[in-house]
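Data block below; observations after.
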Amino acid sequence: RCEAQVAYAIGKAQPVGVFIETFGTGTASNEAIQKAVLEVFDLRPAAIIQDLDLLRPIYAQTAAYGHF
């Protein structure tokens, strides 16, 4: 089990904080996981939009009148 929290500030491309909590279930320390996340993932907003293809409006029909 893992919870990841990423904090941003207006005008900053990189997150100002990345926090990992494994609730004692991790095989690595929270700090080691945090370091790996920062090395592996590009957490800039523009990169997240590109990586997850968020500009493709596949959700527009669902969002128009509620969930269903």
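The values are calculated or read from the model by the stated rules, or taken from the named source; none is laboratory data. Keep in mind the model is a prediction, meaning the values are calculated, not measured. All Cβ positions, glycine included, derive from the backbone under ideal geometry; neighbour counts span all protein chains shown.
Would you confirm, using the coordinates I've provided, whether K12 is part of a loop (DSSP other than H, G, I, E, B), more than 13 Å from the chain's Cα centre (by Cα) and free of Cβ contacts under 8 Å to residues at least 60 places away in the same chain? Quick ask: steps written out before the conclusion?
Numbers: part of a loop (DSSP other than H, G, I, E, B): yes; more than 13 Å from the chain's Cα centre (by Cα): yes; free of Cβ contacts under 8 Å to residues at least 60 places away in the same chain: yes.
When the stated conditions are applied, K12 passes them.
Pairs under 6 Å by beta carbon, first residue farther than 19 Å from F19 by Cβ and in contact (Cβ under 8 Å) with a residue 12 or more places away in the chain in segment 31-52, partner among the small types (G, A, S) and surrounded by 12 or more Cβ atoms within 10 Å (Cβ to Cβ), six or more apart or different chains?
From residues that are farther than 19 Å from F19 by Cβ and in contact (Cβ under 8 Å) with a residue 12 or more places away in the chain, there are no pairs.
For the condition basic (K, R), over 16 Å from R1 (Cα atoms) and surrounded by fewer than 10 Cβ atoms within 10 Å (Cβ to Cβ), what is the one hit in R44, R56?
Numbers: R44 fails: surrounded by fewer than 10 Cβ atoms within 10 Å (Cβ to Cβ).
So the residue among R44, R56 that is basic (K, R), over 16 Å from R1 (Cα atoms) and surrounded by fewer than 10 Cβ atoms within 10 Å (Cβ to Cβ) is R56.
Which residues, counting only those in segment 32-43, are under 22 Å from G11 (Cβ atoms) and either modelled with pLDDT under 95 or assigned to a helix (DSSP H, G or I) (or both)?
L38
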